[in-house]
Amino acid sequence: MFFIYSKKTSKPVVIWTDQSILLSYAELFNSSQDTYKVIVEYRESPVGSFASAGENSPDIVIGPWLKNEMVRKNFLPLDFVFSEEKLSKKDFYPQLLELGNINGRQYLLPVSFNLPLLAFSANNADFVKSDFMLTLEEIKETSKSFNKKNRKGAFTAMGFAPVWDSDFAYVVSKLFGADYTESENLFSYNELVLQGCIDYLKEWSVDNNDSVGQESDFQFANLCYPVYKLVNSDKCLFTYSKSDELFTLPQDRLQNVDFRWIAKSNRIAMADKLIYLGIHRKTKNREGAESFVLWLCNEENQKALLERSEKMKMTVCTFGIAGGFSAVKSVNEKYFPIFYPLLYGHLPTAEYLSPPNILPAAWEDIKSQVLVPYLADSLKQTENIEIASLEQRIADWKKQNY
């Protein structure tokens, strides 16, 4: 638990968050004025803390999964920030703002997001024809052109393989339209689309790299290095990563690295863990909570937060604003390339961004323990191998966790 104090104030504004960088943000807010005091309480799972909060409820919550059905009822509507022109809707990415809207009222404001990507060596830029994003077909075709074999037919270089990172397969399933959504049965999905995605990725492995076995063997023998070393090894062309992982690497390790966003049908699937904020309906200091929210969503203040992160050397542990791209478009456009030079020419634009559906509060666990293992097993499945169905895995997870 972190406590931040300002000298001349009373009635502290209590913030629950899983974003440790908020400690720094609160310090800057407190030093910028003498009217309000902010206290930051770190919660590994802010949404999991509501049930036991009692009278000790926070004033503000900043974190993921806040639109979950069990949690969203705890927040006050924030429409006044737009109706009173304290903030402008056009400053935010519209699809992120819409996701914070519940039954026509704005209960949550977006703070940050991340995107999946493929990194590669600048020495191999001639293989990559697109300047901004790579479609799945472009990734497949470009990867195949990079492949090399020795005289015995063994791969000495392999462009990319879907089985190298199960999270890549998950991202592809979202781009296909698997449509994962919170439901009474934990989560729902489009079974036909998911199976079509699995078939597509298995066919990719055979067409490009002979078999899933060949891909796995090559990975085991050659690809046990960090991203920045992998792409410069000439063993592979692409390696999968996300914006919050790549851009927390020290600048000297990114000098020869380039990247592209992963896309299908002009859509880039945002990472599931979107960071939102809400003011608790039982806030004891509404005026102070509103003041901090408006301060945090201000373009110039976010610039100051980026400057502070760089000055205090926090950019190696936290990317951007609250661990991701800012939900305020102008902050990304004006300031992110200054602090993250690799982003020049690669900034995400609103028309391509596709946010996830409303997902269960435990989605990170569900995804890592149920969905991603199912995808990994499915990609490696042959006629001689039986694997547990996704429905069976969901049922088993529910038995263990409810």
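Miscellaneous remarks
- Conditions (1) under 25 Å from the mean Cα position of the chain (by Cα); (2) open to solvent by less than 40 Å² (accessible area, probe 1.4 Å): number failed by residue 188: (2)
- Every residue from the stretch 160-170 that is farther than 15 Å from residue 142 by Cβ and in contact with a Lys or Arg (Cβ under 9 Å, 6 or more places away or on another chain): 163, 167, 170
- Neighbours by Cβ (under 8 Å, 6+ apart or cross-chain): first from the stretch 32-49, closer than 27 Å to residue 274 by Cβ; second of a type in the set (S, T, N, Q) and in a loop (DSSP other than H, G, I, E, B): 36/6; 36/9; 36/285; 38/6; 42/20; 47/68
- Whichever residue in the stretch 302-318 is of a type in the set (A, V, I, L, M, F, W, C) and open to solvent by less than 30 Å² (accessible area, probe 1.4 Å) and, among such residues, is farthest from residue 30 (Cα to Cα): 306
- Residue check for residue 62: among the β-branched types (Val, Ile, Thr), at pLDDT 90 or above and within 20 Å of the chain's Cα centre (by Cα): yes
For every residue, the table says whether it meets (1) touching an Asp or Glu at 6+ places or on another chain (Cβ under 8 Å); (2) of a type in the set (S, T, N, Q); (3) under 27 Å from residue 332 (Cβ atoms).
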| residue | (1), (2), (3) |
| --- | --- |
| 57 | no, yes, no |
| 69 | yes, no, no |
| 77 | no, no, yes |
| 91 | yes, no, yes |
| 101 | no, yes, yes |
| 105 | yes, no, yes |
| 118 | no, no, yes |
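- Figure legend. Inter-residue proximity from the stretch 319-330: first residues on the phi < 0 side of the Ramachandran plot and open to solvent by 10 Å² or more (accessible area, probe 1.4 Å), second residues outside any strand (DSSP E or B) and of a type outside the set (Ser, Thr, Tyr), beta-carbon distance below 8 Å, spacing 6+ or different chains. Indicated pairs: 329/91; 329/350; 330/91; 330/299.
- Residue 276 being over 30 Å from residue 401 (Cα atoms), in contact with a strand residue (DSSP E or B) (Cβ under 7 Å, 6 or more places away or on another chain) and not β-branched (Val, Ile, Thr): no
- Counting only residues that are surrounded by fewer than 22 Cβ atoms within 10 Å (Cβ to Cβ) and either of a type in the set (A, V, I, L, M) or under 24 Å from the mean Cα position of the chain (by Cα) (or both), the stretch 33-49 holds 8 of them.
- Number of the condition not met by residue 20 [criteria: (1) of a type outside the set (D, E, K, R); (2) closer than 21 Å to residue 309 by Cα; (3) open to solvent by less than 10 Å² (accessible area, probe 1.4 Å)]: (3)
- Residue check for residue 85: farther than 30 Å from residue 336 by Cα, of a type outside the set (Gly, Ala, Ser) and in a loop (DSSP other than H, G, I, E, B): no
- Of all the residues in the stretch 194-213, those that are among the hydrophobic types (A, V, I, L, M, F, W, C), open to solvent by 10 Å² or more (accessible area, probe 1.4 Å) and without any contact (Cβ under 8 Å) to a residue 60 or more places away in the chain number 1.
- Taking (1) among the small types (Gly, Ala, Ser); (2) buried (at least 19 other Cβ atoms within 10 Å of the Cβ); (3) under 30 Å from residue 402 (Cα atoms) in turn, residue 177 satisfies each apart from (2).
- Matching residues in the stretch 272-301 - criterion: being buried (at least 21 other Cβ atoms within 10 Å of the Cβ) and among the aliphatic types (A, V, I, L, M): 274, 275, 277, 279, 289, 293, 296
- Taking the criterion of being of a type in the set (Phe, Trp, Tyr), open to solvent by less than 20 Å² (accessible area, probe 1.4 Å) and touching a Leu at 6+ places or on another chain (Cβ under 9 Å), the only residue of the stretch 214-239 that qualifies is 238.
- Unmet criterion (only one of (1) of a type outside the set (Gly, Ala, Ser); (2) in a helix (DSSP H, G or I); (3) in contact (Cβ under 8 Å) with a residue 60 or more places away in the chain; (4) surrounded by 14 or more Cβ atoms within 10 Å (Cβ to Cβ)) for residue 134: (2)
- Taking the criterion of being in a strand (DSSP E or B) and out of contact with any Phe, Trp or Tyr (no Cβ under 8 Å at 6 or more places or on another chain), the only residue of the stretch 137-167 that qualifies is 156.
- Scanning the stretch 88-131 for residues that are over 21 Å from residue 275 (Cα atoms) and part of a helix (DSSP H, G or I), we see that the one that is least open to solvent (accessible area, probe 1.4 Å) is 124.
The values are calculated or read from the model by the stated rules, or taken from the named source; none is laboratory data. Note that the structure is a prediction, hence the values are computed from the model and not measured. Virtual Cβ from ideal backbone geometry, glycine too; neighbours counted across all protein chains shown. Quick note on the areas: whole protein, heavy atoms, side chains included, nothing else; ligands and nucleic acids left out. Shrake-Rupley method; radii C 1.70, N 1.55, O 1.52, S 1.80 Å.
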